[in-house]
Amino acid sequence: MARFNITNGPSKWDLMLALFDGDCHHKRMVRFSLKDLKRDPIKDPEIPDLSFVINTLEREDGSGENWNFEGYYPGSSQNGPCQGFFSIRTRTGWIEF
């Protein structure tokens, strides 16, 4: 798994809909803007915004603004699992997939 910083992500409402809207055939996805800290800006292209399916949210603390999550990236050939942390207040965090 590679780790990336989330520089922009969904609102609280969009994150809630990702869990409660849809079914096993039609899942609502959330889009994250990612930055790879190990990326060489001259040699490597920017990472496009990617969409993920979120299956689990867990409060990271008592604020209601910081969340740990698990899900998968449907853009990979085998729906690669992902996990991470996301703050809805700053819309930043990290993700591993």
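Just so you know, all these numbers are worked out from the coordinates, no wet-lab data involved. These numbers come from a predicted model, not from an experiment. All Cβ positions, even for glycine, are placed from backbone atoms using ideal geometry, and neighbour counts span all protein chains on display.
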Any pair with Cβ under 6 angstrom, 6 or more apart, that starts in the range 77-90 at a residue that is free of Cβ contacts under 8 Å to residues at least 40 places away in the same chain and closer than 19 Å to Glu65 by Cβ and ends at one that is among the small types (Gly, Ala, Ser) and in a strand (DSSP E or B) | Phe85/Gly93; Ser87/Gly93
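Kindly indicate whether any position in the range 53-63 is outside any loop (DSSP other than H, G, I, E, B), within 9 Å of the chain's Cα centre (by Cα) and without any contact (Cβ under 8 Å) to a residue 40 or more places away in the chain.
Filtering the range 53-63 for residues outside any loop (DSSP other than H, G, I, E, B) gives 53-59.
Applying the additional criterion that residues be within 9 Å of the chain's Cα centre (by Cα) yields 53-54.
Pick out the ones that are also without any contact (Cβ under 8 Å) to a residue 40 or more places away in the chain and you get 53-54.
Within the range 53-63, one or more residues are outside any loop (DSSP other than H, G, I, E, B), within 9 Å of the chain's Cα centre (by Cα) and without any contact (Cβ under 8 Å) to a residue 40 or more places away in the chain.
Please go through the range 73-89 and give me each residue that is under 20 Å from Asp61 (Cβ atoms), over 9 Å from the mean Cα position of the chain (by Cα) and either exposed (fewer than 13 other Cβ atoms within 10 Å of the Cβ) or not polar (S, T, N, Q) (or both), ordered by number. Give the steps one after another, and end with the answer.
Filtering the range 73-89 down to residues under 20 Å from Asp61 (Cβ atoms) leaves 83-89.
If we keep only those that are over 9 Å from the mean Cα position of the chain (by Cα) too, we end up with 87-89.
If the condition is that a residue be under 20 Å from Asp61 (Cβ atoms), over 9 Å from the mean Cα position of the chain (by Cα) and either exposed (fewer than 13 other Cβ atoms within 10 Å of the Cβ) or not polar (S, T, N, Q) (or both), then Ile88, Arg89 are the ones that fit.
What number of residues in the range 52-69 are surrounded by 14 or more Cβ atoms within 10 Å (Cβ to Cβ) and of a type outside the set (Val, Ile, Thr)?
Count: 9.
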Has the range 16-30 got at least one residue that is assigned to a strand (DSSP E or B), in contact with an Asp or Glu (Cβ under 9 Å, 6 or more places away or on another chain) and surrounded by 15 or more Cβ atoms within 10 Å (Cβ to Cβ)?
-> yes
Within the range 2-29, track down each residue that is farther than 22 Å from Arg89 by Cα and under 14 Å from the mean Cα position of the chain (by Cα).
-> Ala2
